[in-house]
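The values are calculated or read from the model by the stated rules, or taken from the named source; none is laboratory data. Just so you know, these numbers come straight off a predicted model, no measurement behind them. Methodologically, a virtual Cβ is constructed for each residue, glycine included, from the backbone with ideal geometry; neighbour enumeration extends over all protein chains shown. Heads up: the accessible areas ignore ligands, DNA and RNA and are worked out on the full protein's heavy atoms, side chains in. Shrake-Rupley method; radii C 1.70, N 1.55, O 1.52, S 1.80 Å.
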Amino acid sequence: MTVSGKTILKLANGSDVRGIATAGVADEPVNLTEEAANRIAAGFVEFLVGKTGKKKSDLKIAVGHDSRISAKSLKNAVLNAFTAANVRAVDCGMASTPAMFMSTVYDETNTDGAVMITASHLPYNRNGLKFFTKDGGAEHEDIDTILHNAVRLPEMKGDLTKVEQFDLIGCYTGHLADKIRTELNAGDKPLSGMHIVVDAGNGAGGFFAEKILAPLGADTSGSVFLEPDGNFPNHIPNPENKQAMAAIKKAVLDNNADLGLIFDTDVDRMSAVLSSGEEISRNSLIALMAAILAPKYPGSTIITDSVTSDELATFLTDELKLTHLRYMRGYKNVINKCIELNKGGTVSPLAIETSGHGALSENYYLDDGAYLALKLLVAAAKAFREGKKLDDLIAKLGQPAEAKEYRLKIRDVEDFRSYGQDVLREFQRRAEERGIKIAAPSFEGVRLVFPGEGWALLRLSLHDPNMPLNVESRDKGGTAKIAAVVKELLGGFDALDMSVFG
C-alpha cells in the first residue's frame, strides 16, 4: 500500500470524499489516486455489508461520473474493487449525482448502493466520490466509517469484463419527462411553443436539453456548452459563479428565450434566468420554489440556510403565509432538518440553500437540480398557457439594496474551531454590551440585527479555517457601515485576517 492511511482520511469532505486527481497545477499534488479510490470503494463495500446485512456477492452497486478528465481512471479503480469483492457492479457511464441515487429506487436497477465520481463545481484537477444507499446520501459519520475501512484494506484488482452496463440517464430522463407530461396533461409535447435554453457548463447536464426539453416539444436552440468537457473551457459550471450566470443570461437575451436553465457539473444544483434577463438564484430561487409549492402545502415550513435575506423571510411569511426556518449552512444540514420536521408531524416540503441545493420531500429529499428545473418548467408552462409570466409568482419579493460576503481567515492557530468559537462568544458579548440586537434563535454563528438598516451574520466555516461574514443592507452604502461595526467588535483577535475590510 503506497497511499498512507493519513492521506486517505484527509480526503473526507463533509458528507463526501474530495481530492486532487489530476496533476499539472502548481503546489497541488495528486492525493486522490487510483489506489486511493480503489481502497475507498472497497471500504464502501464493507460499509454496505454492515448496513444491509447482505453478503458481498449479494450486493449490487452502480457507478457513474461527470465529465471530469480523471473520471474514467477513477471509475475503473472503483469497479476493480467491486468486482474483486464479487459485488454485482453496474457501470452507468456519464450521469448526474441525483440519477445515481435514483438507481437505488428504480425497479430497472434496484441497487443496494451507488457511487458518483464528481467534485461538483471545483476546478478540473479535482475529483471525488459521493455515496448513496437506499436511505439517501452518506452522512459525515458514514464517510468516516468508509475511510477507516479503506485504511486497513489493500488495493484489489478485479475483472472488468464482469461489469454490467446500464443507461441510467436514459431511464432517469424518461421518468422526469413522463412526470412533466402527467403534471401538464397536455399531450406528448406539452412544452411546444416554448423556447428554453440550457447552459450545462460542459458538465454532465447537457441531457436536460437533449433528452427532456426537446422530446417534450421545447425549442432549445441557443443552448450553450452542452458538450461534456472536463477542462471546463468556457466557465466554471457553478450557478453561483458570476461568469456562469452572465453566460446563461446572454443566451436567454440573444435568443429571445422564454426561460434559461443552468446546472452545476453533476446537476444537483440549478439556477434560472427569466425572459427579461432577471436571474432566479439565491433568495429569488427559494422564493419561486416556495411560491410553486405553497398551494399544495399551505401553511408549511420552508427550511433555508442561515444567510437568506430578511426580504425573503417577509415574502414567505406575509405573502405566501408559510413558516420560514433559517437553519445552518450545508445542504445536508437543511435536508436533515426537513426530514426531522416531517417525521415529527410538521409539514415541510422544501429544504434549500442559497447555493442552489434544493430538496423536496416529494422527491426523496434529494437535492436534484433537474427536479427543481422540472418544477419551474411545469409552473412556466402553465403560466405560458394563461398568458402570464413565471415571475408573476414572485412579483412582491423585495431585494436588499446591498449584500456582501467577507471571509476572515484564521491564521496560525492549532485548533481553528476552538478559536472560532471563542471569537463568536466574545463577539456576541461585546455586541450585547453595546445594546445591539441579537437574532434568536440562531442555529449557527451570531446574527446582529440593525432595525431598518440591515443585518450581519458571523459564523465559523463548516470545513475551513475562516469565518464568513454576510452583511445585507436596505440602503446603498449600508453594508460598509455595518461591516465597520463588526470590525470594531472584532478588535484584538490577532489571528483573524482583518484585511478583507480594506
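Full extension from residue 227 to residue 139: what is 0.36 nm times the residue separation minus their Cα-Cα distance, to one decimal in nm?
28.5 nm
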Q. Got a sec? What order do 407, 18, 459 fall in by accessible area at 1.4 Å, biggest, i.e. largest, first?
A. 407, 18, 459
Q | Descending semi-axes in whole angstrom, ellipsoid equivalent of segment 364-502, from the Cα gyration tensor | A | 37, 20, 13
Q. What is the calculated FRET efficiency for residue 57 to residue 159, with r their C-beta to C-beta distance and R₀ = 22 Å, to the nearest 0.05?
A. 0.95
**Q.** Spin-label pair residue 421/residue 433, simplified geometry with 7 Å Cα→Cβ offset, distance in nm
**A.** 2.2
Q: Kindly report, to the nearest 10 Å², the accessible surface of residue 17 as traced by a 1.4 Å probe over protein heavy atoms only.
A: 0
Q.
Rounded, prolate or oblate for segment 456-502? Axes are the square roots of the Cα gyration tensor eigenvalues, ordered a ≥ b ≥ c, and the cut-off for rounded is a/c under 1.5.
A. oblate
Q.
I'd like the carbon and sulfur percentage of the solvent accessible area for the chain, probe radius 1.4 Å, heavy atoms only, ligands and nucleic acids excluded.
A. 48
Q) What is segment 65-158 by shape, rounded, prolate or oblate, if you read a ≥ b ≥ c off the alpha carbon gyration tensor as root eigenvalues and call it rounded for a/c under 1.5, prolate for a/b larger than b/c, and oblate otherwise? A) rounded
Q) Rounded, prolate or oblate: which fits segment 236-290 when a ≥ b ≥ c are the square roots of the eigenvalues of the alpha-carbon gyration tensor, with rounded for a/c under 1.5 and prolate only if a/b beats b/c? A) oblate
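Starting from the residue with the highest accessible area, list 474, 68, 417 in decreasing order, probe 1.4 Å. Please list the in-between numbers first.
Numbers: 474 125, 68 10, 417 100 Å².
Final ranking, largest accessible area leading: 474, 417, 68.
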Q: Using 0.36 nm per residue of separation minus the Cα-Cα distance, give me the extension gain between residue 310 and residue 340 in nm, one decimal.
A: 8.3 nm
Q. With a sphere of radius 10 Å drawn around the Cβ of residue 137, what net charge do the other residues whose Cβ falls strictly inside it have (Lys, Arg +1; Asp, Glu -1)?
A. -4
Q. What spacing in nm lies between the two simple spin-label points modelled at residue 152 and residue 382, each 7 Å away from Cα in the Cβ direction?
A. 5.4
Q. Rounded to the nearest 500, what is the chain's calculated 222 nm mean residue ellipticity when only DSSP H runs of at least 4 contribute -39500 (n - 2.57) each, over all residues?
A. -10500 deg cm²/dmol
Q: Give the accessible surface of the chain per residue, rounded to a whole number of Å², with probe radius 1.4 Å and ligands, DNA and RNA excluded.
A: 41
Q) Could you sort 189, 332 by accessible area so the largest value comes first, with the probe set to 1.4 Å? A) 189, 332
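Sum up the charges of everything whose Cβ sits under 11 Å from the Cβ of residue 304, counting Lys and Arg as +1 and Asp and Glu as -1, but leave residue 304 out. Write down the numbers at each step before the final one.
Values: positive: 282, 326, 329, 337; negative: 305, 353.
Once all neighbours under 11 Å are counted, the net charge is +2.
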Q.
Quick test of the membrane-span-like rule: which DSSP H helices of the chain reach at least 15 Å along their long axis (C-alpha atoms) with mean Kyte hydropathy at least -0.5?
A. 34-52, 71-84, 168-184, 242-254, 282-293, 369-385, 478-489
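What FRET efficiency would be calculated for the residue pair residue 317, residue 412, taking the C-beta separation as r and a Förster radius of 60 Å, to the nearest 0.05?
On the way: r = 44 Å, r/R0 = 0.73.
FRET efficiency, residue 317 to residue 412: 0.85.
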(Q) Please compute the modelled spin-label separation between residue 401 and residue 495, points set 7 Å along Cα→Cβ, answer in nm with one decimal. (A) 3.8
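Can you give the local net charge around residue 408? Use residues other than it whose beta-carbon is closer than 15 angstrom to its beta-carbon, Lys and Arg +1, Asp and Glu -1. Don't skip to the answer; put the middle values down first.
Numbers: positive: 404, 407, 409, 411, 417, 459, 487; negative: 405, 412, 422, 426, 464, 488, 494, 497.
Net charge in that neighbourhood comes out at -1.
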Q) Relative contact order for the chain: what is it in percent, counting Cα pairs under 8 Å that are at least 6 residues apart? A) 11
**Q.** Long-range Cα-Cα pairs in the chain (distance over 43 Å), rounded percent
**A.** 17
